[in-house]
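Here is the structure we will look at.
Where a number appears in this text, it was derived from the coordinates with a stated rule and is not lab data. It should be emphasised that the depicted structure is a prediction, and the values quoted were computed from it without experimental measurement. Note: ideal-geometry Cβ built from the backbone for every residue, glycine included; neighbour counts use all protein chains shown.
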Amino acid sequence: MKSLGTRGGSRENGRVLNPDADLIRALAADLADADFRSAPLRAGWGVEADDAIGRTLRTPALRGLGDRTDPQAVLARLLIFGVAQPVSHVDDALPRTGSAGLVTLGLARVDAHAVTPTAIVRPQSFHDDRGPGEWWVASDLDELATGGGSLPDDHVLGVGGASLTLAGLQLPTPARRVLDLGTGCGVQALRARRYADEVVATDISERALAFTRMNALLDGTSGIDTRLGSLFEPVAGETFDRIVSNPAFVITPRVQGVPAYEYRDGGLVGDALVEQVVAGVGAHLVPGGVAQFLGNWETKDGSAGLDRVRSWVEASPVPLDAWVVEREELNPIEYAEMWIRDGGTAPGTPDHDRLLTAWLDDFAARGVTAIGFGYVLLRRAEGEPTLARYERVPQPIPSEGALGSHLADALAAHDAQAALSDDELEARVLRAAPDVTEARHHTPGSEHPTVIELRQGGGFGRSVQADPALAGLVGASDGELTVGQITGAIAQLLEVDEQALRAALLPAVRALLVDGFLRFA
Ligand SMILES: C[S@@+](CC[C@H](N)C(=O)[O-])C[C@H]1O[C@@H](n2cnc3c(N)ncnc32)[C@H](O)[C@@H]1O
């Protein structure tokens with residue numbers, strides 16, 4: 001595996017973080033006393049201003065704070081929106097830490113009478129299987145806090161959309177050891193630690209690891225071991241029950257003048273970083289251990305992105321069960337636009353045109369016609385792999401931030417049905433899941449439906465077309481009769497051959513069990 005080296009950008013440009021444990025505990029106590037929490041802050045500036053924050057607009061929320069000088073408002077301006085505040089106000093808002101403490105931690109500088117933030121600290125609320133929670137997450141000043149402009153190459157990302165997606169995908173089941181590869185500000189590590197005895201968090205950025213240590217201390221969470229290094233280098237020879245990663249997968253042209261942001265770009269060509277994660281992950285999982293990560297994959301020289309991912313999985317030296325979900329596919333122009341904008345370069349500027357040309361030249365030269373984005377779940381198989389699912393799921397997901405428990409249930413259901421012969425499956429009693437509804441579509445005037453759809457309210461929000469026999473089986477699965485009894489009754493009712501019906505229904509029943517439409521009673 002190619003060594004990508006590590007980067008110590010924090011020292012090079014003088015933005016040194018100092019996660020001093022006592023000072024951070026003092027800061028956490030001050031933030032708690034100021035009620036520096038999402039809900040009261042949102043209530044203060046209102047729902048519309050809160051929505052605008054999601055569109056990188058801070059002015060409405062700052063207007064909502066008005067001329068308030070209470071600790072909550074002062075800290076919001078300083079630590080959420082990156083606006084300098086008078087030293088006396090900050091000292092009042094943080095009685096234990098003071099503006100001097102923020103400077104020592106590397107979160108601010110003091111010039112004359114003003115405290116200017118050099119990082120942000122934002123409250124993040126979440127909800128997982130253990131219930132609601134909230135933590136403060138420190139990271140580098142982002143576009144909301146700087147008001148725009150391009151980001152430094154060693155920028156450490158805060159909690160963004162992709163972070164929340166992966167956090168929600170994490171399996172909410174107990175684990176002994178979890179690896180968070182490319183931890184950034186450490187949000188996946190924090191989330192993983194809620195279910196794991198210990199977490200190893202790695203990154204090529206020393207500054208990212210300092211933020212991770214700071215955020216663990218702010219949350220009062222122990223058991224997160226931070227290690228510097230590229231990909232699996234810091235965990236050579238070690239195995240984990242779970243590996244999570246929101247890796248730096250963004251595809252970047254390797255030409256002069258195109259910034260290589262370490263927060264999103266692993267330094268390789270095309271989608272090679274995701275390929276390397278797939279290649280290396282199996283050796284670091286215990287048998288039965290699960291890796292979950294996000295990624296991009298290119299459709300290249302006529303080979304579809306999902307097929308290329310499949311070829312990487314099949315080339316793994318360790319046998320892997322695989323479930324890969326492509327959520328969206330962009331063409332090269334859309335892809336380049338998205339990531340040039342993400343780096344802070346606005347359309348209509350000469351820089352934007354130059355960067356767009358570089359991206360399009362790179363894709364054209366390498367035969368790339370589309371770029372897929374999605375989730376990868378790989379499990380170290382204990383024998384022969386039984387799961388090889390590569391699918392497009394473009395529909396809105398009812399509760400994307402809480403998919404983890406659905407994935408855990410789906411894996412358990414997959415294993416349970418895979419272990420049953422058809423005869424054994426026929427002897428089982430099933431129940432339709434409570435979130436399943438049925439829609440029947442008739443051509444006008446016809447007595448019989450032309451289309452029957454089974455719809456799922458939770459999970460991936462799937463919709464499955466069913467024939468009358470399958471719809472009848474799901475409808476009759478109420479925890480009383482076995483699959484075989486229901487199939488027999490339906491065969492009689494429809495006057496069809498029972499064996500033929502059984503052969504047609506059982507594969508569909510297996511699929512509905514895995515997807516959560518049916519459950520074992
Ligand atoms: C997109 S950020 C993800 C941060 C965080 N885990 C999250 O979910 O928000 C990717 C992180 O991977 C790190 N990184 C980049 N290349 C890496 C590599 N070769 N090995 C390990 N980490 C890397 C970056 O420094 C960055 O912190």
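Taking amide H as placed 1.01 Å from N in the peptide plane, residue 320 has its amide H under 5 Å from the amide H of 381, each at least 5 places away in sequence or on another chain. Taking a ≥ b ≥ c as the square roots of the eigenvalues of the Cα gyration tensor, the range 407-521 is classed as oblate, since a/c reaches at least 1.5 and a/b does not exceed b/c.
Stretched out straight at 0.36 nm per residue, the stretch from residue 399 to residue 424 would grow longer than its current Cα-Cα span by 5.6 nm.
Rounded to the nearest 10 degrees, the inclination of helix 21-33 to the longest alpha-carbon principal axis of the chain is 80 degrees.
Here the mean projected area of the convex hull built on the C-alpha positions of the range 33-180 is 10.5 nm². Restricting to the chain, compute how many DSSP beta bridges are antiparallel as a %, nearest 5. Taking every DSSP beta bridge within the chain, about 70 percent pair in antiparallel fashion. Across the chain, C-alpha contacts under 8 Å between residues 6 or more apart give a mean separation that, scaled by the residue count, equals a relative contact order of 11 percent. Distance between the 7 Å Cα→Cβ label points at residue 109 and residue 416: 5.9 nm.
Along the chain, the longest continuous region that contains none of the GluC sites (Glu not before Pro) in a DSSP loop with at most 16 other C-beta atoms within 10 Å is 1-237.
Using only the Cα atoms of the range 113-170, build the gyration tensor, take square roots of its eigenvalues as a ≥ b ≥ c, and label the shape rounded, prolate or oblate: rounded if a/c is under 1.5, else prolate if a/b is larger than b/c, else oblate. It comes out oblate by the Cα gyration axes. Under 18 Å from a label point 7 Å along Cα→Cβ of residue 96: give me every residue in the range 215-256 with its amide N that close. Residues passing the 18 Å test: 215-222. Taking other residues whose beta carbon is less than 11 angstrom from the beta carbon of residue 243, and scoring Lys, Arg as +1 and Asp, Glu as -1, yields +1. Scaled against the 2.2 N^0.38 Å expected of a compact globular protein of N residues, the Cα radius of gyration of the chain reads 1.09.
Averaging the sequence gap over all C-alpha pairs within less than 8 Å and six or more residues apart, then dividing by the number of residues, gives the range 73-212 a relative contact order of 16 percent. Annotation for residue 451 and residue 198: the two label points, set 7 Å from Cα along the Cα-Cβ direction, are 5.4 nm apart.
In terms of the Cα gyration tensor, with a ≥ b ≥ c the square roots of its eigenvalues, is the range 210-336 rounded because a/c is under 1.5, prolate because a/b exceeds b/c, or oblate? Since a/c reaches 1.5 but b/c is at least a/b, the shape of the range 210-336 is classed as oblate. Compared with the dominant Cα axis of the chain, that is its longest principal axis, helix 305-314 is turned about 80°.
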